[in-house]
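Please read the structure below before turning to the comments.
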Amino acid sequence: QLVESGGGLVQAGDSLRLSCAAPGRTFSAYTRAWFRQAPGKEREFVAAINYIGSSTLYADSVKGRFTVSKDNAKNTVYLQMDSLKPEDTAVYSCAARSLGLSDNRREYNYWGQGTQVTVSS
């Protein structure tokens, strides 16, 4: 129900923009979020945006470098990632929940398959 795109291999300091579309279902009234999982590590919260797009939440590790946004008309959420670091390397997944902002992965009901982001030094 959620489909991510935009991942790839970049160098440290580069930028990438991830997209999360929702073909066949409307998530405009849902909180949308991004999580990531590096090899051997647990899935961790990256950023979230409320259904209106008026409020956001970021992990400390990405604050000031990543920006989450949404286009309800396109039923799509974006994650603009600037000043990428090798430690940002992970599979990035988008998620959705019907309630407010949360950084707890267990509170999200809908998930995409993920897109790989690899940052070389």
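Cross-link reach is defined here as a Cα-Cα straight distance under 17 Å, omitting same-chain residues fewer than 8 places apart; for Lys74 the aspartates and glutamates meeting it are Glu4. For region 39-121, a simple Cβ point-charge model (Lys and Arg +1, Asp and Glu -1, everything else neutral) yields a dipole of about 160 debye relative to the Cα centre. Of the residues Asn72, Gln113, Ala90, the one whose Cα sits farthest toward the positive end of the charge dipole of region 1-114, with +1 on the Cβ of Lys and Arg and -1 on the Cβ of Asp and Glu, is Asn72. For region 1-74, the set of GluC sites (Glu not before Pro) satisfying both a DSSP loop assignment and a count of at most 12 other C-beta atoms within 10 Å is given as Glu42. Of all DSSP beta bridges confined to the chain, the antiparallel ones make up roughly 90%.
Surface composition of region 51-121: carbon plus sulfur atoms contribute 45% of the solvent-accessible area (1.4 Å probe, protein chains only, all chains present). The alpha-carbon of Lys63 sits under 15 angstrom from the alpha-carbons of these aspartates and glutamates, leaving out residues fewer than 8 places away in its chain: Glu44, Asp82, Glu87, Asp88, Asp103. Shown here is the pair-distance distribution of the chain: with all Cα-Cα distances grouped in 5 Å bins from zero up to the longest one, the shares run 2, 13, 24, 27, 19, 10, 4, 0 percent. How would you classify region 23-64 from its alpha-carbon gyration tensor, with a ≥ b ≥ c the square roots of the eigenvalues: rounded for a/c under 1.5, else prolate if a/b is greater than b/c, otherwise oblate? The shape class here is oblate.
The values are calculated or read from the model by the stated rules, or taken from the named source; none is laboratory data. Predicted, not measured: the structure shown is a model, and the values here were computed from it. Neighbour counts are summed over all protein chains in view; Cβ atoms, including those assigned to glycine, are modelled from backbone coordinates with ideal geometry. All accessible areas refer to the heavy atoms of the entire protein, side chains included, with ligands and DNA or RNA removed. Shrake-Rupley method; radii C 1.70, N 1.55, O 1.52, S 1.80 Å.
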